[in-house]
Every structure is written in C-alpha cells, then in structure tokens.
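Just below is one structure, and these are the notes that go with it.
Since every read-out is calculated from the coordinates, none of them should be taken as a lab result. Treat the numbers as computed from the prediction; the structure is a model and nothing was measured. Counting neighbours? That spans all protein chains shown, and the Cβs are built from the backbone with ideal geometry, glycine included.
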Amino acid sequence: MSIKRKQIILVAFLMLASLCFTVELVVKYYNEYKNMKLVPNKVDNYRILVDLIHNLQIERGLSVGFLTLNNDDNWQNVINARNKSDAILKQYENYLSDIQGNYQKNVLNDNLKKILALRKQVELLEAKDYALKMTKVIKSFMNLSVGEGFAISTLSNSQDIYDYVLASYYLVNMREATGLLRANINAAFLSAKPSDNLQIKSVFENLGIFNTYLYQFGIILDKYEGEAKIKQIMEENQNKFQTLNSKYIDIYVKNFTTGTYGANAYSWFKESTDYINTLKVYGDYFLKRTHEEALKDLQEIESEMIFTLILSLFFIVVGIILSFLIVKNLIQSLNSIQSTLGGFFSYLNHESKNAPKPINVKSNDEFG
C-alpha cells in the first residue's frame, strides 16, 4: 500500500471518529428536544383537566344546593355551571382526538354518560347518592390528571417542572377535600343536629386528606420560599386556612356529637368556597410556571443542540486540517529518513565495489 493511500485512510478514520462523536451528541440533544417539545402541550392538557375538575366540583355543589332548596335562582346557577363544564369537556375531547390510545377516551365517554344521567337525576329532584356518584366521576378525572402529570415529569428532566406539577396535584386534592368538607359541615350546620356516622367519617377522612396534601404542598413551597410570589402564597394560605379552621372546622370537630354548633352555615359555605377558589388561583400559578419553565428549557436545548453542532463541525474541519498536516510532516520525515538510509546504503555498496581485492601469494619455497 502506498504512503498516499495510507494518508487518505488515516484522514478518513479521523473524520469518521469526529463524525460519530458529533452524531452521538446531536442525537442526544434531539431526543431531549423531541421530548421537551411535547411538554407545553401536555401542560395545556393538564390545565384542561384541572379546570374540568374544578368546574365539576362547582356543578356538584350547586346541584346539591338546588336539590336542597329547589328555587329558580339556584337552578340558573346550575345551568351556568353545566355550560362551563360542557365547554371544557369539549376541549378535552378535542385534545384526545389528536392522540393515540383508547384508555383516556374510554374514561371520558364513560364519564359523559354518567354526567348526563346525574344531570337528569337533578332535574327529577332525586337527591339520593347524587353527590357520591358525581364525586366518583370527579375522582376518575383526577386519576387521569395524575397520568398527565407523570407524563410531564417523565418527558422533562427539570426539577422545577417536577415540583410545579406536584404542587398543582396537591392543590387539586386539597380543593376536592375542602369541597367535601364544605358539603358535610354545611349540612351539619343547617340541620343543627348531631352528625350521623357517615357524615362524621366523611368529615374526618377529608380533613385528614386535606392536611396530608397541605403538608406536602408546604414542603414544595419551602424550596422556593425565596421567590416573592411563593412567599405570598405561603402566608396567604396559612392565614386563610387558620381562619377557616378556627371559625368553623374546629367548632364542628368539638360539637359534632351534640349538634350545638352556633356557627352560620351560609358564612361557612361562602368562606370555604372563597378558600377553594384561592387554591384554584394557586394551582393556576404553578401551571403557568410549569408552562414557562418548559418553554425556557426547550429554548435552552435548541441552543445547546445548535452550539454542539457548530462546535463539532469546527472540530471536524480542524481535525481534517491537522490530520493532513500531521500526515504530511510524517511522510516528509519518512521520506527524509528513507533518503538518508538510501544514501548510506548506496555509499556502503559503492565502497564495497571499490575496495582492493586481496592478493594471493603463491610460493614454491620449502614452506609452500
């Protein structure tokens, strides 16, 4: 094999090695980019589910109120809540039409049938098990939101996104627990009677659920307490819940066996509703932060991918140039050595040809 061919093979090898390294980096960043690009859309869908859960909670509360009081004003509020729920259900249906997989679609279709049946039940003034059945529908949508939140966290490597999604999930559960507390404590205050076992069980279960998620939510907030908005949320939430607890929940817990609450049901309902809406505002904030963080991470990955590509191409070009120079110098050195050795051996060969031949002396004397 000629030296020139060896030179070409060496340069080609160095180029191939550089190219493989470049491709590996680009593929790595592209996979991250491809996953991260899905996150903003996933966050939007997660928001749809959170809004749907919130509006179905409102519809449930207003429907229970209508079944209790049965007046035209309450009915109009129920209709308005239904219209909002239907609009969000349509949004969610449109989102699911663009994705593969049947599980979410099956859950949605099943829940739509249940919602229609429950609405018919309200129109017929049949209160039995309405709240329980609607709660099961809401919890099934909450389970879907867990899947969406997990998908967001899996696609993204960002700890901030993971924390924001988790905070939103805790808030969804806190709102549901507060909504069920609102319903049961409101019923107790209205009746002014000792609570039955089912009501007591529901109140304490949901109070336990709320406190569990409140604690977990507080852990997330502690990590970001340096941010002004987070600090505001921490202080506001603490003040509002402490007020709610001291004015109403604590009163119920101390008096549920006697029914002598001395608390106003309307005030409790109004303030607990205001607190639920406040929790929704917190949730919207964390979803907004999640979306912003996803877009920021997406831009960073794009920049890193482009920078890596440019840098790799630069090193490939430099590598090729250096390869040629190194091989060229190596060849020149080899040629020089070859020339020197060739001259030396030629000299030796020349000297050996010109060397005097040995003289053979023949003698016929007595020693010969």
For this session: Once you have all Cα-Cα distances for the stretch 6-309, histogram them in 20 Å bins from zero and send the whole-percent values.
Result: 28, 49, 16, 5, 1
Problem set entry | Total charge dipole magnitude, the stretch 1-144, about the Cα centre, Cβ charges on Lys, Arg, Asp, Glu only, Debye to nearest 20 | 880
Problem set entry | Under 20 Å from the Cα of LYS105 - aspartates and glutamates, other chains or at least 8 residues apart | ASP44, ASP51, ASP86, GLU93, GLU148
For this session: Determine which lysines satisfy two conditions relative to LYS193: a Cα distance under 24 Å, and not lying fewer than 8 residues away in the same chain.
Result: LYS128, LYS201, LYS247, LYS254, LYS270
Exercise. Roughly how many whole Å is it from the C-alpha centroid of the stretch 113-145 to that of the stretch 231-254?
Worked result: 29
Exercise. When the chain is fully extended, how far beyond the present Cα-Cα distance does ALA151 get from LYS288, taking 0.36 nm per residue of separation?
Worked result: 47.6 nm
Problem set entry | Cross-link pairs beyond the 26 Å C-alpha cut-off, checked among LYS90/LYS229; LYS42/LYS229; LYS90/LYS113 | LYS90/LYS229
